[in-house]
């Protein structure tokens, strides 16, 4: 489990492994970025049994969603850890298949609760898992709504350039 750059270097680390060693590597999970398809193919060549999956986290909220199937972009909420809401601009839950902002409430905060954290992440609500096993929400990550930090009721808009200051709206 690492950021995407950490998983990407596994192809360099796998050079020189024998066949048994390469086949023994089973799961590579990455977050904080995208892992290009070409890099995934390269890893599969070195590690033929590896499943390459992603996880999704927001600031201060640990893992929010886990990719359970490599062929699906859907992320599955970690049950019991967070309350996940996907809301429109008015704060109302969106319907399945609709885009909205990911809002997270951390259910087990030891110091201070994290109530209704507006992440700035754009996601699509996907069908809930509701079979005989895992029962939880699913969503698909689309990207950031912008470089915005919500702090004390203010939206802080940050410039793409690190040399320019942020402006408070």
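Our summary gives the stretch 1-105 a relative contact order of 18 percent, counting only alpha carbon pairs under 8 angstrom and 6 or more residues apart. Summarising the label geometry, the points placed 7 Å from Cα in the beta-carbon direction at residue 45 and residue 95 lie 4.7 nm from one another.
Distance between the C-alpha centres of the stretch 77-103 and the stretch 5-34: 33 Å, rounded to the whole angstrom. Per residue, the average separation of C-alpha pairs within less than 8 Å and at least 6 apart gives the stretch 1-57 a relative contact order of 44 percent. Applying 1/(1 + (r/R0)^6) with R0 = 22 Å to the Cβ-Cβ distance of residue 5 and residue 69, what FRET efficiency is obtained, to the nearest 0.05? My answer for the efficiency is 0.40. With N denoting the number of residues in the stretch 1-57, provide Rg(C-alpha) divided by 2.2 N^0.38 Å, to two decimal places. Working it through for the stretch 1-57, the quotient is 1.05.
Where a number appears in this text, it was derived from the coordinates with a stated rule and is not lab data. What you see is a predicted model, and the numbers here were worked out from it, not measured in a lab. Backbone-built Cβ (ideal geometry, glycine too); neighbour counts: all protein chains shown.
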